[in-house]
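The values are calculated or read from the model by the stated rules, or taken from the named source; none is laboratory data. All of these numbers come straight from a predicted model, not from anything done at the bench. Cβ sites come from the backbone with ideal geometry, for glycine too, and all protein chains shown count toward neighbours.
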Amino acid sequence: MSAPDTGNQRLTAFVHGHVQGVGFRWWTRSRALELALTGYAANQADGKVRVVAEGPRPALETLLGLLRSGTTPGRVDLVVESFGPARGDLAGFVER
């Protein structure tokens, strides 16, 4: 069973830097909700934060720009992103 074609896409971004224990996931969740995106921000064992978001491409691009903006909590050194088709399996935006 495939997700309905809503024109939405899925962004997966790995955020490198000092991004754990500084409110980064909460900040990301707030920005994503403002953009009406669904998904999550999750700490990774290697110190990165994984951000998965679904929604219209322009809103995803805005979120990506915010992740790289220098205005996040902590320090972002690098953001590695990929885009793909939305799966439609996310609701709300949560911290994991």
task = Could you tell me whether residue 83 is more than 16 Å from residue 22 (Cα to Cα) and touching a helix residue (DSSP H, G or I) at 6+ places or on another chain (Cβ under 6 Å)?
result = no
request  = Output the residue which, of all residues in segment 36-57 that are part of a loop (DSSP other than H, G, I, E, B) and touching a strand residue (DSSP E or B) at 6+ places or on another chain (Cβ under 7 Å), is surrounded by the fewest Cβ atoms within 10 Å (Cβ to Cβ).
outcome  = 36
request  = Confirm whether residue 34 is closer than 22 Å to residue 18 by Cβ and charged (D, E, K, R).
outcome  = no
ask   = Would you pick out the residues in segment 16-35 that are closer than 18 Å to residue 75 by Cβ, touching a strand residue (DSSP E or B) at 6+ places or on another chain (Cβ under 7 Å), of a type in the set (A, V, I, L, M, F, W, C) and crowded, with 18+ Cβ neighbours inside 10 Å?
value = 19, 24
key: Options 62, 72; residue that is over 15 Å from residue 41 (Cα atoms), surrounded by 15 or more Cβ atoms within 10 Å (Cβ to Cβ), in contact (Cβ under 8 Å) with a residue 24 or more places away in the chain and within 13 Å of the chain's Cα centre (by Cα)   = 62
remark   = Among residues of segment 58-81 being touching a strand residue (DSSP E or B) at 6+ places or on another chain (Cβ under 6 Å) and assigned to a loop (DSSP other than H, G, I, E, B), the residue farthest from residue 9 (Cα to Cα) is 74
request  = Taking the options 36, 3, 41, 45, name whichever one is among the aliphatic types (A, V, I, L, M) and at pLDDT below 95.
outcome  = 3
message = Would you confirm, using the coordinates I've provided, whether residue 84 is surrounded by fewer than 16 Cβ atoms within 10 Å (Cβ to Cβ) and closer than 12 Å to residue 9 by Cα?
response = yes
remark   = Filtering segment 6-35 down to residues that are under 11 Å from the mean Cα position of the chain (by Cα) and in a strand (DSSP E or B) yields 10, 11, 12, 13, 14, 15
